[in-house]
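Before any comments, here is the structure.
Every number in this text was worked out from the coordinates using simple rules, so none of it is lab data. These figures come from a predicted structure and were not determined experimentally. Note that each Cβ is placed from the backbone with ideal geometry, even for glycine, and that neighbours are counted across all protein chains shown.
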Amino acid sequence: MIGPSRVAELDMPGAAIEGASTRPAQSYWNESWERLRANRIGMAAGILILIFALIAILAPVFSAVLTHFQPQTIDLSQTFSPPGGKHLLGTDELGRDTLTRLIWGARVTLGVALLTVAVSLTVGTAVGMMAGYYGGWLDDVLMRLVDTVLAIPAIFLFILMSILFRPTPVSLALIIASVGWGQVARLVRGEVLSVKQRDFILATRSIGARHLRLMLRHLLPNVLPVLIVAASLGVGQIILIEAALDFLGLGIQPPTPSWGNQLTNAESYFFHSIWLVNFPGLLIFVTVLASNVFGNAIRDAFDPRLK
Amino acid sequence: MSSRGPLSTAAIKPLSRAWTTADPLLEVSDLKVWFSVSSGVLQRTVGHVHAVDGVDLEIKTGETVGLVGESGCGKSTLGRAVIRLLEPTGGKVFFKGYDITHLRGERLRGLRREMAMIFQDPYASLDPRQTVGDIVGEPIDVHHLAKGKERQDRIQELLRVVGLNPRFVDRYPHEFSGGQRQRIGIARALAVEPSFIVCDEPISALDVSIQAQIINLLERLQSKFNLTYLFIAHDLSVVKHISNRIAVMYLGKIMEIAGGSQLYRRPRHPYTASLLSAIPIPDPVIEMRRERTILQGDVASPINPPSGCRFRTRCPRAREHCAEEVPPLESFGDEHRAACFYPLD
Amino acid sequence: MTQPLLEVQDLHTVFSTKEGWVKAVDGVSFELHPGETLGIVGESGCGKSVTALSIMRLQRPGFIKSGRVMFKGEDLTKATEAEMREVRGREIAMIFQDPMTSLNPVFRTGWQVAEPLRLHHGWNAKKSLTSAINMLGKVGIPSAVDRAEDYPHQFSGGMRQRVMIAMGLTTTPEVLIADEPTTALDVTIQAQILDLLRHVNQEFGTATILITHNLGVVAGMCKRIIVMYAGRIVEAGPTTDVFAHPKHPYTWALLRSIPRLDADRHEPLKPIDGLPPNLVDLPSGCAFHPRCAFKIEKCSRDVPALERVGDTQLSACWVTQSGTELKGA
C-alpha cells in the first residue's frame, strides 16, 4: 500500500508538480460546445428544431389556446377557406383547420423521425461495436448481414411492409429503422476499428478490464461524436423518407395528420387552394434544411480540423 | 507490498518445486510469438512473422533488465507476451513459479494485478475522453481495490507519487505536456500495485530535457516499491543507465546478454559491437576520434529469416558455418552470454 | 573568414492561434559558410524547424514578420514566389524527418529523383533519369538501375532517406538543410545516413544545416552549433567549446541530463526541472529562467541578448555575460 508518509520522502521537483496549465479544466465536450455556440447559423438551426419540437409536444395546448380547433374536426361549411380570419392558415377540403393539422402533424412527423433515429442508432451501434471489437467470424457474419440489409431496395420494402402492417407512427418508425441501422453499424464499426488500434485500449486491457468496460467506457465515448453527427443529419433524411411514404399513401394514414399526408390531399387542389401545398411543403423544407445545417455545425464543432 | 495475490489462490499449475523470492521472478523459456500473414481474397495464411522466435530469459526480483534492438527485432512483442497481452505461440512463461503461458479469463485478470505496462506514446496511451482521475482510478475500479473516499485518496496519492499535482484529477490528458502525460501513465500502472512492470520505450517520445526526469522517477519508484522492470528501448545509452543487465535482440532472438558495463566494455557478439559503435556520444572530442563500424544493409525480413545465424547477412565476421547452424547462447562467464560462432575477444 | 553563403538576420516568424500570436522564431541570426556543417539543436517547439522552413519560405501557415535571409546577395524574404521556386531544390535543398511522406507514393522513385533536373535544368526524361540513377548509386543504393523502377513503399526507411538525399543532390545545390534526417531511423541505419551526409559534404562541398534534438549526432557531425530554446538562439559557437564549456545554463543542464553510453559509474541523472516552455504563454525575461539553477533577479525581468562570452562562444544569459562560470554538483 502506498502510504502518505512514504511520499513525503520522495524529492519531487516542485516545478513538475505546479507547472501545469493554469486554464480551467476543459473537457472535450465543453470545448465542442463552445465551438458550436460560436457558430451562429448552426445554433439558429438548432434552436429552430427545438422550437418545432416544443410546439409538437405542446400541440394540445396550442389547439386549445391559439387555434381553437381540433385536427380532425370536420366543418363542411368552411371547406377551402383561404388563410386569414378564424382559420389563420385556411382550411382543407373537409373544412379542417390547416394550422391545427400542421401543429399536430409536427407531432407525428418529428416523433417518427426521432424514434427512427433512436432505434437505428441503438441497433446500429450495438451491431457495429460488436463487429468491430470482436472481429473474426462475428464481424464477418454481422457485416454480411448489414450488406444484405443495405442491398434490399428500400422503397419496395416500405411498400411491402405498409401492405402487411397498417402503418402507425410507431410501426412506420420501425419500418424505416429496419433499413437505417445498417449504415450506422458500418459507420460505428469503422470508428471502432480505428479507435481499437490506439494504445489506450491496450493499456486498459493491461490493467485487467473486461470487454464490457472497454466497449462502454472507452470505445463508446470515442465513437459518440460520430453518432451525434449521424443522428442530427439523419433526422432530415428520415423526415424526407417519411414525407415521401405519406405522400404515396404508404405512410401515416388519414385522418391522422402528418406533414407528408397533408401534401397528398393537397395535390388535387393545387390550383385553387395553394396554401394547402405551401405550408406543409415549407415546413418540411425548413426542418430538413435546419437539421442538415445543425448536423454540419455539430460535425465542425466536434472536429475543427474538418473546416 | 503485502503478499496478497490472486495468483497464489488461483489453481495455476506451479513448477515442481515451490517458488521463493530467491528464484527468478519471471522465467521465459524458448518463447515464440508468431503472427500469421494472410493474403488474397480468402485471407489464406501464406506465412508467419517470426516476431519472437525462441527466447530464453530470466528476470530476478528487483532487477532491471534492459531489452534493446532495432525496430522489428521483436522487443515490444516479447514485452507484451511476458505480461500476457499476447498469447505465445510456443514456449513457456513462468511468473513467480506459476505457468502463465496460456492463462485465460479470471485467472488472467488476477495476473493483471501483478504486472503492469508503461507505454511509449503518452498521447495515444491515455483515453482522451477520460479525466486523469478516471484513468488512474480505473485499475482500482476494475479490481475493486477501493471505493468512495478511499478511492479518491488513492488516486491523489498516486498522482503525488509520480510528481503530479493531485488537484489535476478533473483535468483531461490534452491539457498536459508529454512528460506529464507519461507520469499519468505511470500512476495508472502503479495503481494495481504491481511487482513487475514492462516499460516499453517510456521516454523515447519525450523531449530531451524531460527524459531524465522520467528515468529518475522510474528509478525512485523501483526502490520505493521494490519493482522489477523489463525496460525496452532502442537507445542503448538510456538502457545502460537504468539496467542491471542488458539483452540485445535481433530478428526475434537474443544475440547477447550481459551486465551493462560488461556489455559496453567487452561486447562478444559482432551485432552488439556495431550497435554500440553506431550510438553517437554527446562529446565532440570522443566522436571525432571514434572508429566506426558501419553495418551494411537493412535488417532481413522476419517472415523468412536467414538460415543459421540471423545476423549473418550483415555480419562482417560471418563465415559459411554461420548459414548452416543456429549459434546457441554460450556463456562467457559471469552472466555474460552471446550467440556467436566467431565471437569477438 | 570567407564570405558567408547564407546569412539569417534577426528573423521573426509568427503563427496565429486562438490564443494570439505565437513567436515561433523570435529574432534569430546566424551565418552559414561555404562547405561547413552547422548544427541547430533544440527540443520540439524551440523553433529550429520553423527557422529552416522560413529560409525556404515554406513556413506557412506561419508568417515572416521581419528579418532578412541573405543568399548570394539577395534577400529571400523579399523574393517572389517564382524566384523562390528557382532557389528551392536547385540551390537550397531540404530533406525531412519522415522520408515516406516526403515521397509521392504513385510515382516511380527514379522519376521523382530526376524531377528537379527536369524542372530546373529542363532536361528530357532520359537524360535526367540517367543522372538520377547515377546519383542513387552515389548515395549507396545497390543496383540503382533496377531500384529506380521501384515505388517508394518498396524501399526501407533508411533507403528512402537515401533517395531523398539523392533527390536533393541532383542539382548540386550549395546548401542542404537536413531537418531531423535520422530521427525516424534505427541507430545502425542512422549511422549509415550520417556517414553519407559526411561523405556528401566532403565530395560535393555542400554546406549543410543539420537540425536535430540529438546532441550526440551534432557532436559527431558539426564543427559549429547553435542551441535554440523557445524561439531564440541561447548559445552558439564551435562544437568542442560548447560541449566542453557551455556558456548557457540550458546547454549546461541539457548536457548533464542525458545518459551517456561511456559513463562509468551508475549515478542518478541530473534532470532539468520543470516543463518545456509553452510558446503561447512564455515566461517574462529569459524564457529559461523558471527552470534555471543559476537565475538572478534580472533574468525574470529582461530578455538577454546573444553576446560574446569567452573567446569563441555567444550566449544569451545574464549570468554568464557577467563573467560567472557555470558549475554545479
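What the phi angles of the range A:95-111 give under the Karplus curve with 6.51, -1.76 and 1.60, with θ = phi - 60°, is a coupling list of x, 7, 6, 4, 4, 4, 5, 5, 5, 6, x, 4, 4, 5, 4, 5, x Hz, glycine and proline written as x.
Given the DSSP H assignment, sum -39500 (n - 2.57) over each helix run of at least 4 residues in the protein assembly as shown and divide by its residue total; what's the result at 222 nm in deg cm²/dmol, nearest 500? Please list the in-between numbers first.
On the way: 37 runs with 418 residues, N = 981.
About -13000 deg cm²/dmol.
Less than 20 Å from a label point 7 Å out along the Cα-to-Cβ axis of C:GLU86: which backbone N atoms in the range C:165-199 qualify, by residue? Once the point is set 7 Å along Cα→Cβ of C:GLU86, C:170-176 turn out to lie under 20 Å by backbone N, inside the range C:165-199.
In this structure, A:LEU216 and B:SER38 have a Cβ-Cβ separation that, at R0 = 30 Å, corresponds to a calculated FRET efficiency of about 0.45. Please give the helix A:220-247 orientation as an angle from the longest Cα principal axis of chain A, in degrees from 0 to 90, rounded to the nearest 10. It is inclined by approximately 10 degrees. Between B:GLU324 and C:THR101, the modelled labels are 5.0 nm apart [label points 7 Å from Cα along Cα→Cβ]. The simple Förster model, with R0 at 22 Å and r as the Cβ-Cβ distance, assigns A:MET43 and A:LEU114 a FRET efficiency of 0.65. Within a straight-line Cα-Cα reach of under 20 Å, C:LYS65 can be paired with the following aspartates and glutamates, leaving aside sequence neighbours fewer than 8 residues apart in one chain: C:GLU7, C:ASP10, C:GLU19, C:ASP26, C:GLU31, C:GLU74, C:ASP75, C:GLU81, C:GLU83, C:ASP281. For the range C:189-197, 3J(HN,Hα) computed residue by residue from phi via the Karplus equation (6.51, -1.76, 1.60; θ = phi - 60°) reads 6, 4, 4, 4, 5, 4, 4, 5, 4 Hz, glycine and proline entered as x. At a threshold of 8 angstrom on Cα-Cα distance, excluding pairs fewer than six apart, so keeping six or more, what relative contact order does chain A reach in percent? In percent, rounded to a whole number, it is 22.
Sequence-distant contacts, meaning Cα pairs under 8 Å at least 6 residues apart, place the relative contact order of chain B at 19 percent.
Extension gain, A:ILE274 to A:PHE156: 0.36 nm times the residue separation minus the Cα-Cα distance gives 39.4 nm. Report the one residue of B:PRO305, B:LEU190, B:HIS234 whose Cα lies farthest in the direction of the positive end of the charge dipole of chain B (charges on C-beta: Lys and Arg +1, Asp and Glu -1; origin at the Cα centre). Positive-most Cα among the choices belongs to B:LEU190.
Taking 7 Å steps out from each Cα toward its Cβ at B:LYS149 and B:GLU87 produces label points 4.5 nm apart. Relative to one another, the C-alpha centroids of the range B:37-89 and the range C:163-181 are positioned 37 Å apart. Positive end of the dipole of the range C:229-321, charges at C-beta (+1 Lys, Arg; -1 Asp, Glu), about the Cα centre: which of C:CYS317, C:HIS289, C:ALA236 has its Cα farthest in that direction? So the residue we want is C:HIS289. Which angle from 0 to 90°, rounded to the nearest 10, does the C-alpha axis of helix A:40-57 make with the longest principal axis of chain A? Helix A:40-57 and the main axis of chain A meet at about 60 degrees.
Charging the Cβ of each Asp and Glu at -1 and of each Lys and Arg at +1, and nothing else, the dipole of chain C about its Cα centre rounds to 300 debye. Taking Cα atoms only, the orientation of helix C:125-138 departs from the longest principal axis of chain C by about 50 degrees. Bridgeable aspartates and glutamates around C:LYS327 (alpha carbons under 13 Å apart, same-chain partners fewer than 8 residues away excluded) are absent.
Just grab the label-to-label distance for A:LEU88 and A:GLN197, each label 7 Å out from Cα along the Cβ direction, in nm (one decimal). Taking the two extended label points, one gets 5.5 nm. Neighbouring Cβ atoms from other chains, within 10 Å of the Cβ of residues in B:202-212, number 6 on average.
Partner chain Cβ atoms within 10 Å, averaged over the residues of B:234-242 - can you pull that number for me?
Numbers: counts 2, 6, 3, 7, 4, 2, 6, 9, 3.
Partner Cβ neighbours, averaged per residue: 5.
Close amide-amide hydrogen proximity is noted between C:ILE40 and C:LEU210, C:ILE211, C:THR212, C:ILE226, each under 5 Å apart and 5 or more residues distant or on a separate chain (H modeled in the peptide plane; Pro and chain starts excluded).
Dipole size of chain A about its Cα centre, with +1 on Lys/Arg Cβ and -1 on Asp/Glu Cβ: approximately 500 debye, rounded to the nearest 20.
In percent, how large is the relative contact order of the range C:1-99, given Cα pairs closer than 8 Å and 6 or more residues apart? Once normalised by length, the contact order is 31 percent.
Can you give the charge dipole size of chain B about its Cα centre, rounded to the nearest 20 debye, using +1 on the beta carbon of Lys and Arg and -1 on the beta carbon of Asp and Glu?
Values: 44 positive and 40 negative charges, 102 e Å.
With only Lys, Arg, Asp and Glu charged at Cβ, the dipole is about 500 debye.
Arranged from fewest to most other beta-carbon atoms within 10 Å of their beta carbon, B:LEU78, B:LEU145 become B:LEU145, B:LEU78. Amide H contacts of B:ALA116 (H built 1.01 Å from N, in plane; Pro and chain starts excluded): B:PHE196, B:ILE197, B:VAL198 sit under 5 Å, all sequence-distant by 5 or more or on other chains.
Can you flag which of C:LYS72/C:LYS223; B:LYS75/B:LYS224; B:LYS60/B:LYS240; B:LYS32/B:LYS147; C:LYS270/C:LYS295; C:LYS223/C:LYS298 are past 29 Å Cα-Cα? Could the numbers behind the result be given before it?
Details: C:LYS72/C:LYS223 23 Å; B:LYS75/B:LYS224 27 Å; B:LYS60/B:LYS240 17 Å; B:LYS32/B:LYS147 40 Å; C:LYS270/C:LYS295 17 Å; C:LYS223/C:LYS298 33 Å.
As for pairs spanning more than 29 Å Cα to Cα, those are B:LYS32/B:LYS147; C:LYS223/C:LYS298.
Along the axis of the charge dipole computed for the range A:44-306 (Cβ charges of +1 for Lys and Arg, -1 for Asp and Glu, origin at the Cα centre), the listed residues A:VAL123, A:HIS68, A:PRO167 are led at the positive end by A:VAL123.
For C:GLU81, C:GLU297, what's the fewest-to-most ordering of other Cβ within 10 Å of each Cβ? Write out the running numbers ahead of the final one.
Numbers: C:GLU81 7, C:GLU297 10.
Placing the least packed residue first, the sequence is C:GLU81, C:GLU297.
For the range C:256-261, putting each phi into the Karplus relation 6.51 cos²θ - 1.76 cosθ + 1.60 with θ = phi - 60° gives couplings of 6, 7, 8, x, 10, 4 Hz, in residue order, rounded to whole numbers and with x for Gly and Pro.
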